[in-house]
Amino acid sequence: MKIPPKKPHFFKPLQPGFKNGLKIPIGFLKYLKGNDQIEHAILRRDGNKWPMKVNGHRFEVGWAEFVQQYDLQLGDILMFRHEGNMEFEVSIFDSTHCDREYAEYMQEGGGGGGGAHTDDATERPMMHMIKSSKKASSHVKAASHHKSFGHFECIIREYSIRQGYLYLPRLFAIANGLINKKCDLIIRDERQRLWNLKISSSITQTYIIGCGWTKFFADNCLRKGDRIMFEVVTNGETPIWKFQVTNREASLQKFQGMFILI
């Protein structure tokens, strides 16, 4: 017997006509008690609540105001996490899979834009690039005296290249207090280069994402099959991890499902 998640969620890509309303997926209705009688719902974001009139499991009255307030665009991807009593926490990702709030924060902080050179343009998503910041440098220097909290190794898989994120091993996430955590992440290498990324979570997974993911790939010439290692330098409000490539073009089958946790 399957145990239903405590806070189920669903994703909705915004398609033509999305400004007129948005329908709750039929497969999600099983998580909503008394779903035949749904007439009202509340969407939550940034601490604000937006009342919605629901008609035929479709957000209608109130939806247009929500769309306007958060400047939703065709191609954006929304995640609705059900908090109970028909209240949904909404996360917004743009068409490059970047969290909208994170992308806007980096742009306001002076992040640069540009494209990364790749041998095959279809292998990597085109995402906004961000440069290493003085703020990141200060974080690294301040944390240099902290002890390591462990490390893990993984193989670069196709989904990381095409979809722009990396799942973290669950035991590693638990050991470092990353379950259900959303925060900025700074990656550095032996040459002291820095990349600004983000740790995020869904109901069952914790992963690395962020608008600097493609730049991180390009700067390190990463490809499918490469074996890489992340070592925790500090687990503060903004974690800092050390990165290195441990094996180029390693056999995916040989290391499939393997990671090391100290």
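Brief remarks on what is shown
- With respect to being farther than 26 Å from H9 by Cα, in contact (Cβ under 8 Å) with a residue 40 or more places away in the chain and among the aliphatic types (A, V, I, L, M), L185 falls outside the description.
- Residues that are open to solvent by 40 Å² or more (accessible area, probe 1.4 Å) and either over 18 Å from Q163 (Cα atoms) or modelled with pLDDT of 90 or more (or both), drawn from the range 206-219: D219
- For the range 47-68, the criterion of being under 28 Å from Q205 (Cβ atoms), part of a loop (DSSP other than H, G, I, E, B), without any contact (Cβ under 8 Å) to a residue 40 or more places away in the chain and within 25 Å of the chain's Cα centre (by Cα) is satisfied by at least one residue.
- Taking the conditions (1) among the basic types (K, R); (2) in contact with a strand residue (DSSP E or B) (Cβ under 6 Å, 6 or more places away or on another chain); (3) at pLDDT 90 or above in turn, K19 satisfies each one other than (2).
- Those residues of the range 27-44 which are at pLDDT 85 or above, open to solvent by 60 Å² or more (accessible area, probe 1.4 Å) and not in a strand (DSSP E or B), in sequence order: K30, Y31, E39
- Within the range 51-67, being open to solvent by less than 40 Å² (accessible area, probe 1.4 Å) and of a type in the set (V, I, T) holds for V54, V67.
- Residue check: Y102 meets all listed conditions (1) open to solvent by less than 20 Å² (accessible area, probe 1.4 Å); (2) touching a strand residue (DSSP E or B) at 6+ places or on another chain (Cβ under 6 Å); (3) at pLDDT 90 or above but one, namely (3).
- Residue check, N20 open to solvent by 50 Å² or more (accessible area, probe 1.4 Å) and over 26 Å from K6 (Cα atoms): yes
- Residue count for the range 62-82, restricted to those that are among the acidic types (D, E), modelled with pLDDT under 90 and touching a strand residue (DSSP E or B) at 6+ places or on another chain (Cβ under 9 Å): 1
- Checked against (1) within 17 Å of the chain's Cα centre (by Cα); (2) at pLDDT 90 or above, L222 passes all but a single condition, namely (1).
The values are calculated or read from the model by the stated rules, or taken from the named source; none is laboratory data. This is a predicted model, so every value here is computed, not measured. No Cβ is skipped: glycine too gets one built from the backbone with ideal geometry, and neighbour counts run over all protein chains shown. Accessible surface areas use protein heavy atoms only, side chains included; no ligands, DNA or RNA. Shrake-Rupley method; radii C 1.70, N 1.55, O 1.52, S 1.80 Å.
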